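Data first, discussion second: the structure below is written as structure tokens.
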Amino acid sequence: MPRILDDQHVDGLLPPSAALADVRTAFGLLAAGEATDEPRRRSAAGTVTLNVMSAIAPTLDAALVKSYPVVRAGTNRGSVITVLVYSCASGELRGLLRADLLGRRRTAAASALATSVLARPESGTVCLLGTGFQAPAQVSALTEVLPQLRTVLVVGRDADRAASTANILRAAHPGLDVESGTSPEHAVPRADVVVTATGSAEPLFDGRLLRPGTHVNAVGSNHAARRELDRATFQRAAHVSVDSAAVARLECGDLLANGLDPAEASEFADVLAGRAAGRTDGDEITVFESHGLAIQDLVCAVRVLGAAAEAGVGTVT
């Protein structure tokens, strides 16, 4: 019988540390050829664009479909993300999850995993460009992999929103020194790790501001016409990874809108498996392009469903 879970259930069953382990598993499945992941497909009509992603992992007895509408601004704020998980063995529906929080946790976990592999291990300062729903999750995940993290610099176009995000982070992570402002020019040169998590269509900062050794997680752009990073960033980068070559060819605006070929980037699953080089020098600038993969959702959802069954939570229909 399928189990129905909401964000409250996910919050208790998928802590950042678990999401990090699950995303590592997801990339491992891809590297081993034990899973398939279909890029996001968009269908548009009227004011609505419907996004659909899917993945299959037979070894986990799971096939997943994720869907969410994007409604033109000002017409509806009730959009939600849903995930359906099916059994590969029987075809039966195993569960239905509201996946807003799951999506934030797995996206942040992907950034953290890339940071653990590509950033300098002594990195202590993070610059977070973005004040939206993804921002707090990114920092929470990074605390799992950066033992020397001491300072977070929050940058947003709106000073009040940046300050509000900083307050949320201070409350969640009292051991961190959190600053806020509106100037990338002030924050980016101070950072060991830069995270871009915005809906911007234009570059957020001049890549010449990056100091040697910086790692960049680009999270916000999943559309070919939108870019958070400029060409200078990639001209200076010694290493660029994408979470999926197939996805990058369709929607990596940071590369496509800068006139760069996604085929020249490494797939992160190959880096993780040791088939492609990552950082080779402490002064190298590295970039991870994260678009979000359904296989990440799948592994996280399987964990949540299993934990929910053990705890007896959710609605069984």
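Does Pro2 satisfy being in contact with a Cys (Cβ under 9 Å, 6 or more places away or on another chain), farther than 25 Å from Leu149 by Cα, modelled with pLDDT of 95 or more and not hydrophobic (A, V, I, L, M, F, W, C)?
Considered against the rule, which asks whether it is in contact with a Cys (Cβ under 9 Å, 6 or more places away or on another chain), farther than 25 Å from Leu149 by Cα, modelled with pLDDT of 95 or more and not hydrophobic (A, V, I, L, M, F, W, C), Pro2 comes out as no.
Could you tell me whether any residue of segment 272-292 is of a type in the set (Val, Ile, Thr) and at pLDDT below 95? First the steps, then the outcome.
First, the residues of segment 272-292 that are of a type in the set (Val, Ile, Thr): 280, 285-287.
After this cut, where a residue has to be at pLDDT below 95 as well, the list is none.
For segment 272-292, residues of a type in the set (Val, Ile, Thr) and at pLDDT below 95: absent.
Return the pair list, or none, for Cβ contacts closer than 6 Å from residues in segment 91-103 that are in a strand (DSSP E or B) to residues that are of a type in the set (Gly, Ala, Ser) and at pLDDT 95 or above, at least 6 apart or on different chains.
Final answer for the pair search is Arg94/Ser87; Leu97/Ala301.
Criterion first (of a type outside the set (A, V, I, L, M, F, W, C), crowded, with 22+ Cβ neighbours inside 10 Å and either in contact (Cβ under 8 Å) with a residue 40 or more places away in the chain or over 18 Å from Leu272 (Cα atoms) (or both)) does Asp37 satisfy it?
yes
Which numbered condition in (1) modelled with pLDDT of 95 or more; (2) over 21 Å from the mean Cα position of the chain (by Cα) is the only one that Gly259 fails?
(1) is the only condition that Gly259 fails.
Exactly one of these conditions fails for Ala269: (1) among the aliphatic types (A, V, I, L, M); (2) farther than 27 Å from Val52 by Cα; (3) in contact with a Gly (Cβ under 9 Å, 6 or more places away or on another chain). Give me its number.
(2)
Of everything in segment 87-127, what is among the polar types (S, T, N, Q) and in contact with an Asp or Glu (Cβ under 9 Å, 6 or more places away or on another chain)? Give them in sequence order.
Those that are among the polar types (S, T, N, Q) and in contact with an Asp or Glu (Cβ under 9 Å, 6 or more places away or on another chain): Ser87, Ser90, Ser116, Ser123, Thr125.
Table: residues versus (1) in contact (Cβ under 8 Å) with a residue 40 or more places away in the chain; (2) part of a loop (DSSP other than H, G, I, E, B); (3) surrounded by 20 or more Cβ atoms within 10 Å (Cβ to Cβ).
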| site | (1), (2), (3) |
| --- | --- |
| Thr107 | yes, no, yes |
| Val126 | yes, no, yes |
| Thr131 | no, yes, yes |
| Arg157 | no, yes, no |
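May I ask you to say which residue of Asp270, Asp281 is within 30 Å of Tyr86 (Cα to Cα), touching a residue at least 40 places away in the same chain (Cβ under 8 Å) and surrounded by fewer than 19 Cβ atoms within 10 Å (Cβ to Cβ)?
Asp270
Val193 versus (1) within 20 Å of the chain's Cα centre (by Cα); (2) more than 11 Å from Leu128 (Cα to Cα): which is the lone unmet condition?
(2)
Looking at Val117, Val139, Val83 in this structure, which one is crowded, with 20+ Cβ neighbours inside 10 Å and assigned to a helix (DSSP H, G or I)?
Val139
On the given criteria, is Arg94 among the charged types (D, E, K, R) and in contact with a Phe, Trp or Tyr (Cβ under 9 Å, 6 or more places away or on another chain)?
So Arg94 fits the description; yes.
Checking the condition in contact with a helix residue (DSSP H, G or I) (Cβ under 7 Å, 6 or more places away or on another chain) and either among the polar types (S, T, N, Q) or part of a helix (DSSP H, G or I) (or both), which residue from Val195, Val271, Val247, Val240 passes?
Val271
Could you check segment 1-55 and list, in sequence order, the residues that are part of a helix (DSSP H, G or I), of a type outside the set (Gly, Ala, Ser) and within 22 Å of Val139 (Cβ to Cβ)?
Result: Asp7, Gln8, Val10, Asp11, Leu13, Pro16, Leu20, Asp22, Val23, Arg24, Phe27.
Among what's in segment 201-223 and is surrounded by fewer than 16 Cβ atoms within 10 Å (Cβ to Cβ) and part of a loop (DSSP other than H, G, I, E, B), pick the residue that is modelled with the lowest pLDDT.
The selected residue is Ala201.
The values are calculated or read from the model by the stated rules, or taken from the named source; none is laboratory data. Here the structure is a predicted model, which is why all the values come from computation and not from measurement. Cβ coordinates were reconstructed from backbone atoms using ideal geometry, including for glycine residues, and neighbour counts include every protein chain displayed.
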